[in-house]
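First comes the structure, then the notes that go with it.
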Amino acid sequence: MKNSSILIVFVFTFCKLQAQTWQELPNAPAAQFVNDDIFFINDNIGWMVNLDGFIYKTIDGGDTWDTLIIQPGTAFRSIGFFDEMNGYCGNLGPGSWITETTDTIPLYQTHDGGTTWTPVTTITGAPPAGICGINIVTDSVAYAVGRYAGPTVILKTTDAGQTWQSTDFSDETWSLIDTYFFSADTGIVVGGNLSRAVIYYTNNGGTTWDKVFNNPETGGWHWKISFPSRNVGYASIEGGFADDSKVAKTTDGGLTWELKPLINPDIDVTGIGFINDSTGWVGCWYPGIDFMTTDGGDSWTEVDLDPLFNRFRKVNETTAFICGESVWKLTTEPVAIIEPEKTYTGYNLKQNHPNPFTDKTTITYTIPEAGFVNLRVFDFGGRTVSRVVEAYQQAGTYSYEIDIPNLASGNFYCKISVNGFVQRIKMVMVKE
């Protein structure tokens, strides 16, 4: 009995030492709004992209990052690699929400680990306008989908990217954002059909597709997918203009889905990731917070992670990454010293007035101490539409009237950064 008791204590202590924690990587590249996609082929080697035309690479598990490409006019949206040398990167393309994008090439390739990238010229079938999601399935099979604002296509390669076949999916849905395949033939694609989030399933390599989920609630679209195991999976539903975000869950490998509500429906969920069947996280563009569940989505608690995380990548059972404003790593080993959290008493970004507004609205904020203020307005896709303030300011209260007359009705975000304090508000513009 005595030896058994000692053994029990030893195992308990060992488990405590191996507890997983999220750590922000101190040398991670900071994006203007978010880093859009991240992909690792093992614990050490990974790549990351964003809509500002940047491609990064790490060979030490995220401790350091090299900038491989800066390509203005290209909105790099997705990335995936077959091996250390051969990878593919999707461009959102012009005519979606990114007004600065001029590059019409939907897919790029590299055969030297990302040092150089060239256009893919072997796509046959429906011409894609942009690629939002890439899923590497085997050492020769991959799928890609696009795009958020249409037209929608599904791309497939069976020869490690030498050739791609594109299938027009516009008759089925207006938006395709992400894809996940369990095998070369069986998988799902997700997006939205103007007013409803939808999921499609195939078991014959995309020859035919079945709509397995049509959100009974109007508004929004699916954004990202996470399958911690073969049967259990999750897909985030961004509320869009309906402001009613949820999570869809499957326990039978994607054949049927049920809705899992979050704490507050008035949020915009984007990124989602689960390290096992029950433990996972979602990131919310608005109001810039994250939630965690340990019971498979039945209940959620607010956690302190990257507030705008867009992509979760699970490397193995103990290691994962998320990318957003920065890069965070889930690991059994600490990767940085955590300093005590600073409080920001007296800092405040007020709700714009009026809201909703037509062309003009006023933004007011208070800072209790001097600092360099960065105040920007972003569109729904995360690109800057107005650089309101980029200046050193003394303590006080400031008000600015902004005017964005050349954009369509929709949701916008205002973000203030000063002295480490960050706050966001959501603004609604309604054209007359």
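Quick one: in the range 375-396, of everything that is within 24 Å of Val269 (Cα to Cα) and part of a strand (DSSP E or B), which residue is modelled with the highest pLDDT?
Once the filter is applied, the top-ranked residue is Leu375.
Pick from Leu194, Leu155: which is modelled with pLDDT under 95 and either part of a loop (DSSP other than H, G, I, E, B) or over 20 Å from Lys260 (Cβ atoms) (or both)?
Only one candidate passes the filter, namely Leu194.
Would you mind telling me which numbered condition in (1) more than 14 Å from the chain's Cα centre (by Cα); (2) modelled with pLDDT under 95 Lys249 fails?
The one condition Lys249 does not meet is (2).
Looking at Tyr344 and the list (1) in contact with a Phe, Trp or Tyr (Cβ under 6 Å, 6 or more places away or on another chain); (2) at pLDDT below 95; (3) not in a loop (DSSP other than H, G, I, E, B), which single condition is not satisfied?
Looking at each condition in turn, Tyr344 falls short on (3).
Looking at Ile289, Ile322 in this structure, which one is out of contact with any Phe, Trp or Tyr (no Cβ under 9 Å at 6 or more places or on another chain) and either outside the structural domain of Phe378 (by TED's automatic domain parsing) or crowded, with 23+ Cβ neighbours inside 10 Å (or both)?
The conditions single out Ile289.
Provide a single number: the residues in the range 39-49 that are within 14 Å of the chain's Cα centre (by Cα) and buried (at least 24 other Cβ atoms within 10 Å of the Cβ).
2
Just for the range 110-133: of the residues that are among the small types (Gly, Ala, Ser) and within 25 Å of the chain's Cα centre (by Cα), which one is surrounded by the fewest Cβ atoms within 10 Å (Cβ to Cβ)?
In this case the residue turns out to be Gly113.
With the structure loaded, tell me whether Ser299 is under 13 Å from Pro228 (Cβ atoms), in the same structural domain as Ile41 (by TED's automatic domain parsing) and more than 16 Å from the chain's Cα centre (by Cα) or whether it fails that test.
No, not satisfied.
Assuming Phe82 fulfils every condition listed in (1) buried (at least 23 other Cβ atoms within 10 Å of the Cβ); (2) of a type in the set (A, V, I, L, M, F, W, C); (3) at pLDDT 95 or above apart from one, which condition is it?
Result: Phe82 fails condition (1) only.
Just checking: which of the strands (runs of 3 or more DSSP E) contained wholly in the range 29-128 hold 1 or more residues that are among the acidic types (Asp, Glu) and outside the structural domain of Val385 (by TED's automatic domain parsing)?
35-40, 66-70
The values are calculated or read from the model by the stated rules, or taken from the named source; none is laboratory data. Keep in mind that this is a model prediction, so the values were computed, not measured. For neighbour counting, all protein chains shown are included, and Cβ atoms are generated from backbone atoms with ideal geometry for every residue, glycine included.
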